[in-house]
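Colleague: Got a structure for you, written out below as structure tokens; questions coming shortly.
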Amino acid sequence: MVVLAALAAAKALKNASAHVTLIDRSNHHLFQPLLYQVATSVLTPGQIGSPIRNILRKQVNTTVVLGEVTGLDVEKKCLSVDGIDRSGVPLSYDFLVLATGVTHSYFGHDEFAAHAPGLKTLADAVAIRNNILQTFEQAEAEEDPSRHRDLLTFVLVGAGPTGVEMSGADLRFWSAIA
């Protein structure tokens, strides 16, 4: 997420004689390695996400803006920011730290995105969790026993740390529920 680098820069400038503006699309700092636990209902979103304003609350030289940088004019030293209620708000700067964030990678197979949601944000984790729980509800209500196995079969794509953690550690949790 963008927040980690931006948050580190803002914290490092705590005692600087400068005004710091942190702009982010979400208003929270996220401990991303535990997203899979939100996706599997082991943790709540609030247990791995902390409001940025709360983290920086004692930092009088810092302002947090919920928005997205949509333009940059390097010569004029000006950003264009879209917020909740306004678009294209100009914001000038003296020095700029850009933390561009992350996105899902399907390694050249973007067609997988429709069937294999990524897990980079709290919204992603909550969507996956809701899908899993709705599938359990559907399986519980299914009158045809031959459909139960299909409904209770989940496929994880990816063998990175998140995929391994999600497929391994939480099988105990899900088998206790099912």
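Listed here are the residues, each with its yes/no results for (1) open to solvent by less than 60 Å² (accessible area, probe 1.4 Å); (2) of a type in the set (Lys, Arg); (3) modelled with pLDDT under 85; (4) part of a helix (DSSP H, G or I).
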position	(1), (2), (3), (4)
Lys120	no, yes, no, no
Ile128	yes, no, no, yes
Phe136	yes, no, no, yes
Ala139	yes, no, no, yes
His148	no, no, no, yes
Val155	no, no, yes, no
Gly158	yes, no, yes, no
Val164	no, no, yes, yes
Ser175	no, no, yes, yes
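Colleague: Search the range 65-97 for residues being among the charged types (D, E, K, R) and closer than 24 Å to Ala16 by Cα, and hand back the single one that is most open to solvent (accessible area, probe 1.4 Å). Working first, answer last.
Modeller: Looking only at the range 65-97, we keep the residues that are among the charged types (D, E, K, R), and these are 68, 73, 75-77, 82, 85-86, 94.
Now narrow it down to the ones that are closer than 24 Å to Ala16 by Cα: 76-77, 94.
Details: Lys76: 156, Lys77: 89, Asp94: 115 Å².
Ranking the qualifying residues of the range 65-97, first place goes to Lys76.
Colleague: Filter the range 1-39 for residues that are within 15 Å of the chain's Cα centre (by Cα) and among the polar types (S, T, N, Q); which is farthest from Ala127 (Cα to Cα)?
Modeller: Looking at residues that are within 15 Å of the chain's Cα centre (by Cα) and among the polar types (S, T, N, Q), I get Asn27.
The values are calculated or read from the model by the stated rules, or taken from the named source; none is laboratory data. Model, not experiment: these values are computed from the prediction. Just so you know, the surface numbers come from the protein's heavy atoms only, side chains and all, with ligands and any DNA or RNA stripped out. Shrake-Rupley method; radii C 1.70, N 1.55, O 1.52, S 1.80 Å.
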